[in-house]
Amino acid sequence: MILYGSYPRYMPVREIALYQEQGSGEAQTIFLEPGSFEQALSWDEGYIYIRRASMDRLLEEHGIGGERFWISFGGYRKLPSMGGSSSIVNVDYRGQEEELRIPYWNNESDFWSALLKQMP
């Protein structure tokens, strides 16, 4: 029982992914490690916050343009690489707000997600 309860059954996902569809139906995906995006975005239990000036620099640096893209963030990976979960938001970047506040459903608080995290 001690061995069963003494190791983590999942690993938190610390990186984020930016997705954008290209005109030909292909998608561009950029993975960003912690430390490279904290100035541009953050999140809490119900909202993701995007600071436009920092996000503009980040998008330009990685060649993502346009008015819509997706951000995948948070979540976990089930060990050993048996799946996982994350939160995804669709970003409408047409406005001129200095900070975007986008609500999302935190799937880590879901019963099924909690159950999957604890399965051996």
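Around the amide H of Ile48, modelled in the peptide plane, lie the amide H atoms of Ile102, Tyr104, all under 5 Å away and 5 or more residues distant in sequence or on another chain. Sequence-ordered 3J(HN,Hα) estimates for segment 71-76 from the Karplus curve with 6.51, -1.76 and 1.60 and θ = phi - 60° stand at 10, 9, 8, x, x, 7 Hz, glycine and proline given as x. Annotation: amide H-H contacts under 5 Å for Tyr10 (H modelled 1.01 Å from N, sequence separation of 5 or more, or interchain): Leu79.
So which GluC sites (Glu not before Pro) in segment 29-88 are both in a DSSP loop and have at most 14 other Cβ atoms within 10 Å of their Cβ? Show your work: numbers first, answer last.
Values: sites: Glu38, Glu45, Glu60, Glu61, Glu67; in loops: Glu38, Glu45, Glu67.
Counting only loop positions with at most 14 other Cβ atoms within 10 Å, the GluC sites (Glu not before Pro) in segment 29-88 are Glu38, Glu45, Glu67.
How far, in degrees from 0 to 90, does helix 52-61 lean away from the longest principal axis of the Cα atoms of the chain, to the nearest 10? With rounding to tens, the tilt is 90 degrees.
What is the Rg over Rh value, at two decimals, for the chain, using alpha-carbon atoms and the Kirkwood definition of Rh? Please report the intermediate quantities before stating the final value.
Values: Rg = 16.4 Å, Rh = 15.8 Å.
Rg/Rh for the chain comes to 1.04.
By the helix-only formula, in which each DSSP H run with n ≥ 4 contributes -39500 (n - 2.57) and the sum is divided by residues, the chain has a 222 nm mean residue ellipticity of -4500 deg cm²/dmol. Placing unit charges on each Cβ (+1 for Lys and Arg, -1 for Asp and Glu) gives the chain a dipole about its Cα centre, and among Val13, Tyr104, Met119 the Cα reaching farthest toward its positive end belongs to Met119. This model, with +1 at the C-beta of Lys and Arg and -1 at the C-beta of Asp and Glu, gives the chain a dipole about its Cα centre of some 520 debye. Which value in nm describes the separation of the simple spin-label points at Ile88 and Arg14, placed 7 Å from the Cα toward the beta carbon? Computed distance between label sites Ile88 and Arg14 equals 2.5 nm.
The numbers here are math on the coordinates, done by the rules we state, and not lab data. Here the structure is a predicted model, which means the values were calculated and not measured. We place every Cβ from the backbone using ideal geometry, glycine too, and count neighbours over all the protein chains shown.
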